[in-house]
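Here's the structure we're looking at; comments come further down.
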Amino acid sequence: MPLFPTRPLRIQPYFGHRSRSRLVLSARALRVKEANFDRQSTLGAIGTMLGQFISHEVAGVAVTLVVHGKDGPILSHEMQSDEEGFVHFDVPLEPEWDLPEHPAWEVVHLHWNAPDGVQEVEAHVLAPGCDGRLAVISDIDDTIIETGITGGIGSVARNWDRVFAQMPGQRTVVPGAATFYSELGGAGDSGKADKPSETLVATRRPFFYVSSSPWNLFTYLVAFQQMRGLPLGPIKLRDWGLNRQTFGKSSHGSHKVEAIAGILKMYPDMHFALIGDDTQGDLPAFANAAEAFPGQIAAVFMRTVSSEGLSTKEQDAIDAIRAAQIPLWMGEDYETGLEFLSANGFTPSGETQQIVKTVDRVPEADEGTAAANAEGQTSA
């Protein structure tokens, strides 16, 4: 029984994505008012954030995913929300749908019944373009947004104000991240949206985000990305609880292993640059991807922020990434990383361009050696 049963039922869509043969999109049935992320007093911000964390889920809601074509609906698929309010669509596309030339955000619609009639909300689905073969999978916490949470509930207590009392516009972006991500993504290359309702513009190289943050923070994280000019992309979040399991590195890593594997399986013909940090099990997760999907990982970028030093498992992961001859950069922040690259004869754009050219020039028969042929890009 929700605490606020008089609040209207809303369907919160999350970013989806598709290939030629599958469309994946999640949403959640909630009784909650829309958040206002404008700058507020500390008490106001805490109230807003508590409203995000204390979700009032609605089970058993019939939600219909509808995709419209020129002559009417071309796809309609219904699901019931589960006990946590989630609906997870994974719809086969038969016959297969062509991909656009460049990456694009496509608009779909979610319908549900309410006391005053059928309601509808737009949802966005990222379709990678058929003109490129490089995409990006990135972590979020301490990779693009500073949290100070480097492991353990104690670090959460020390940085509670960042997590629970700051609006997106007040949060600190990781130094150099906006420039680095814009360069790697080729921001704006794909042009403007085709329709007025398509308010999102895709970067030339598609981005996917994998985070251990809860689904409750989806709109917060998207607002932060938009305010900072960071590329948007589907975000793979998770159910979350305030306990040691939630904040442990192993818990973060297992979620990311599964999420990354799901993306790589869906796009077997694409190569991926992986970006993360050393606070939440990213290194082992990336090494797992390199082993499970040989030839698909084009490069690994790691921000080193933890004061605890690398564990044996993380050092083993570094050895595995290097053994696979995957370019690996490790540094305290992206500005330091760019200085390192410049000192070794690479300009910031030249570094990303070399990765892209290395991937794009390899014939289909030699895809497995793409990462191995990236010259001069591995740091100690």
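The values are calculated or read from the model by the stated rules, or taken from the named source; none is laboratory data. Not measured: the values here are computed from a predicted model. Glycine also receives a Cβ, built like all others from the backbone with ideal geometry; neighbour counts cover every protein chain displayed. For accessibility, only protein heavy atoms count, side chains too; no ligands or nucleic acids. Shrake-Rupley method; radii C 1.70, N 1.55, O 1.52, S 1.80 Å.
Using a simple charge model, +1 on the beta-carbon of Lys and Arg, -1 on the beta-carbon of Asp and Glu, nothing else, what dipole does the stretch 254-340 show about its Cα centre, in debye to the nearest 20?
Working: 5 positive and 14 negative charges, 75 e Å.
The calculated dipole for the stretch 254-340 is roughly 360 debye.
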- Query: Going 7 Å from the Cα of SER21 toward and past its Cβ, which residues in the stretch 288-309 have a backbone nitrogen under 14 Å from where you end up?
  - Reply: none
- Item | Table column - 3J(HN,Hα) (Hz), the stretch 273-287, Karplus curve with 6.51, -1.76, 1.60, x for Gly and Pro | 8, 9, 10, x, 9, 9, 9, 9, x, 5, 4, x, 5, 5, 5
- Query: In what order, largest first, do GLU78, GLU183, GLU34 sit by accessible area if the probe radius is 1.4 Å?
  - Reply: GLU34, GLU78, GLU183
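So what is the relative contact order for the stretch 5-87, in percent, with contacts set as C-alpha pairs under 8 Å and at least six apart? Before the final figure, lay out the partial values.
Details: 130 pairs, mean separation 22.0, N = 83.
Once normalised by length, the contact order is 27 percent.
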- Extension length gain for GLU335 and ALA323 (0.36 nm per residue less Cα distance), in nm, is 1.7 nm
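Per the 1.4 Å probe, what fraction of the accessible area of the stretch 1-90, in percent, lies on carbon and sulfur atoms? Display every interim value, and only then the final one.
Working: 2540 of 4860 Å².
C and S atoms contribute 52 percent here.
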- Note on the structure: Relative contact order in percent for the stretch 1-145 (Cα pairs under 8 Å, 6+ apart) equals 26 percent
- Everything considered on the Cα gyration tensor (a ≥ b ≥ c; rounded for a/c under 1.5, else prolate if a/b is larger than b/c, else oblate), the stretch 43-137 must be described as oblate
- Message: How far apart, in nanometres, would the label points at THR172 and LYS33 be if each is projected 7 angstrom from Cα along the Cα-to-Cβ direction?
- Response: 3.2 nm
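So which of LYS33/LYS70; LYS70/LYS256; LYS33/LYS236 end up more than 30 Å apart, counting from Cα to Cα? Don't jump to the answer; show the numbers that get you there.
Details: LYS33/LYS70 34 Å; LYS70/LYS256 38 Å; LYS33/LYS236 23 Å.
Violating the 30 Å limit, Cα to Cα: LYS33/LYS70; LYS70/LYS256.
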- Item | GLU94/GLN119 FRET efficiency (R0 22 Å; Cβ-Cβ; nearest 0.05) | 0.20
- Percent relative contact order for the stretch 60-148, counting Cα pairs under 8 Å at least six residues apart, stands at 25 percent
